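Note sheet for the following structure.
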Amino acid sequence: MKKFKHRIKRLKYNIIRGKNHLDLKVRFPLFNWIMFIFRTLGIIFLIIYIGLVLQLTKLINVGVLQEILSYIPITNSETNIRLVIAQISITFLILTLFSLISNIKKEKILGTSIYSIAFSNSVISNILFLTPFIFVLLFINLYLMMTDPDSGSIVFLFLSSMLAITILILRVITYTNFPTLTRNKIIAQYYLENRKIIKKYAKESFDPTYELSNNLFELVNDTVERIWRDDIEYKRNLKVFEKITDLSLRNYGKEIQENHTETLNKPDIISLWSNCISELVKKRKIDEALEQYNQMLRIFIKNEVIISSFQIGNHFEEIMGLIAISKDEITSTQYEEIKRAMKLSMEYCYLLLNNDLSYTRLGKLRNDLLRTWGIYGRFFVDYYKILNKKTDLTSNKHFYSNIILEYFEDIRMMSVDLYHSHHFYIPRKVNPKLNKVEEYIRGQYDGELLLMGIPLSALLIELIKEEKKARLMYFLSDFNSKSIYLACLIVVGKLIDLLKSTNKDELEKVKFYLKLILAKLLEWNYNNLKYNTHIIKETLLRTGVFPYYDVWLSQNQFEDIMRAKSAIEMKRHKVDIPSMQVKDSSIRQLYMLMKNINVSTINKEVREQQLEIAKEKGILHRLR
């Protein structure tokens, strides 16, 4: 029975997923084709009508048109006079529609007025064309009634006037009483204009004729206005950005990627969405900004696309800055969104490291002009600082101390979830055989450790700076993710670099933490150590790709990592320094520093730490 219920739920999930896929893949393109068919029919109808007028005035002579005119009844003068009188009454009734139309002009749906959708973007239903046309028909009929009441053209002109009035009324009724139809037309229009930007203008690095679409500009302008007015309708506008971005990336993601690698790229729907997120940050709508940032990254990850933009990469940092200065408590919902943003940032970093951009215009050049902006990578340490700050501001320090420990545990669980096989993936758009080879290589070397290792290194450095030994020992002893080794490898380079410029009074302090980090690295397999040292060189020192733009290494620090690697290998093989000629004095000093450490050094330090806590707070403090 349970299996049956599970299969039913899975079937429902697949149906919903399929519906969403069809909604994005078929719905709006199909709607565009339907609108195109209606526009084509409108043009054909207009051409036929002009032909009928010319046929009626004897300017042309076409048999088919004459056949159509033969269906119009021939009436006497009395009937014609009545028809003209009726036409006068009906025509002036249009004036009552203008008050409704003026109200429609003020109403906006998804950033566009209903008026522009109903009357401005059509051939035969343009109000600027229909209104004069109706009055011209009236005056012609009045003239014919006074000069030639028996004219057969009066009925034709009367029917033409009624048809024009009917079109006008139907457009008002349709677009004011069927909001779903109106929204679909607006979204389809935005999609077409965004496609035009990418397909037409983005191919040239500089195009002086390019201008941002007026409708897309109005969408952004309306969204920003509603954000600052606290009008909840701005959320509907943001949904439009999500839908068009997802649909666009599905259909021409490569072109969008290429556009954003250009120095002078054209602002498309993604850039405009990013501007709206910036406005949410300025308005201090933290929850909404976080939700939009997460949704944007989800769409990028789902479509396996990277967008090289400093503004997008900087959103999370701006949001964390707002949280830091906010006096409000962090809610559980907000914390969940922050964790989700951390995890999505790391998954997106995988695409930054592995997506192939060699097909782009800059990627084909040999002078290495291709640059991709990374994303904010100090989120672990910045959120830790926020918790520390709130600890200092509150009297309940024990409460926040426990929250910090829970946060560390959440980072550990995040690493487990990140490197789990369900989340570990290689882009589907590359060769499947190459996928298997790359997956095997990554499996041999503990996976893609950079994703969490780089942000984690910044947190470890902060703990060392604050001399929070107990918290540091949590990561060195209890953190069971392989990314801790890569984080320690980065920290080693920075500590050795610091050691060179440290005075004698502070020397022992730096050496103490350096010994702990080196002891942790002794646990790591040498092949993995060597491989990930090379990976660090290719990423943190590479000039073309920045996985995290705010965490980096200098050339000197990387050379110190290489020295540490050599010293670790010498320690592992118990090399006798006097019997070897080591030219690099730094390696010799590091080896001597490691003389009294081994793989059990961290466990000894943990026991000493526990004894200190027991002396200070009592043995019962260790109860869990």
Residues (in contact (Cβ under 8 Å) with a residue 60 or more places away in the chain and of a type in the set (G, A, S)) located in the range 495-552: A519, G544
Residue count, the range 281-306 (criterion: in contact with a Gly (Cβ under 9 Å, 6 or more places away or on another chain) and under 24 Å from Y359 (Cα atoms)): 3
Filter result for the condition that a residue is within 37 Å of the chain's Cα centre (by Cα) and modelled with pLDDT of 75 or more, over V136, V155, V220: V220
Helices (runs of 4 or more DSSP H) fully within the range 246-337 counting 1 or more residues that are over 22 Å from N221 (Cα atoms) and acidic (D, E): 310-325
Out of T182, T176, T209, sole residue that is assigned to a helix (DSSP H, G or I), at pLDDT below 85, open to solvent by 30 Å² or more (accessible area, probe 1.4 Å) and of a type in the set (S, T, N, Q): T176
Evaluation of K235 against (1) in a helix (DSSP H, G or I); (2) in contact (Cβ under 8 Å) with a residue 60 or more places away in the chain; (3) among the basic types (K, R) (one fails), failing number: (2)
Checking M580 against (1) open to solvent by 30 Å² or more (accessible area, probe 1.4 Å); (2) modelled with pLDDT of 70 or more; (3) hydrophobic (A, V, I, L, M, F, W, C), the condition it does not meet: (2)
Any pair with Cβ under 6 angstrom, 6 or more apart, that starts in the range 278-303 at a residue that is within 16 Å of M346 (Cα to Cα) and ends at one that is open to solvent by 10 Å² or more (accessible area, probe 1.4 Å) and of a type in the set (A, V, I, L, M): N294/L344; L297/L344
Qualifying positions in the range 241-256 - open to solvent by less than 10 Å² (accessible area, probe 1.4 Å) and more than 25 Å from N184 (Cα to Cα): none
Residues located in the range 500-519, provided they are surrounded by 13 or more Cβ atoms within 10 Å (Cβ to Cβ) and either within 24 Å of S477 (Cα to Cα) or in contact with a strand residue (DSSP E or B) (Cβ under 7 Å, 6 or more places away or on another chain) (or both): V510, K511, F512, Y513, L514, K515, L516, I517, L518, A519
Residues located in the range 340-381, provided they are without any contact (Cβ under 8 Å) to a residue 60 or more places away in the chain and more than 18 Å from L290 (Cα to Cα): S358, K364, L365, R366, N367, L369
Matching option when the condition is modelled with pLDDT under 90 and open to solvent by less than 10 Å² (accessible area, probe 1.4 Å), among I312, I299, I325: I312
Lone unmet requirement of (1) farther than 30 Å from T360 by Cβ; (2) not in a helix (DSSP H, G or I); (3) not polar (S, T, N, Q) for L553: (1)
Boolean, D222 is surrounded by fewer than 17 Cβ atoms within 10 Å (Cβ to Cβ) and in a helix (DSSP H, G or I): no
Count of the range 511-547 residues which are outside any helix (DSSP H, G or I) and farther than 30 Å from V606 by Cβ: 7
Neighbours by Cβ (under 7 Å, 6+ apart or cross-chain): first from the range 459-470, within 12 Å of K494 (Cα to Cα); second crowded, with 19+ Cβ neighbours inside 10 Å and basic (K, R): I461/K494
Filter pass, I568 being within 25 Å of K500 (Cβ to Cβ), at pLDDT 65 or above, open to solvent by less than 30 Å² (accessible area, probe 1.4 Å) and among the β-branched types (V, I, T): yes
Residues (part of a helix (DSSP H, G or I), at pLDDT 70 or above and open to solvent by 40 Å² or more (accessible area, probe 1.4 Å)) located in the range 586-614: R588, Q589, M592, N603, K604, R607, E608, L611, E612
The range 225-237: number of residues that are under 17 Å from the mean Cα position of the chain (by Cα) and surrounded by fewer than 21 Cβ atoms within 10 Å (Cβ to Cβ): 2
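The values are calculated or read from the model by the stated rules, or taken from the named source; none is laboratory data. The structure displayed is predicted, hence computed values, not measured ones. Positions of Cβ are generated from backbone atoms using ideal geometry, with glycine treated the same way; all protein chains shown enter the neighbour counts. For accessibility, only protein heavy atoms count, side chains too; no ligands or nucleic acids. Shrake-Rupley method; radii C 1.70, N 1.55, O 1.52, S 1.80 Å.
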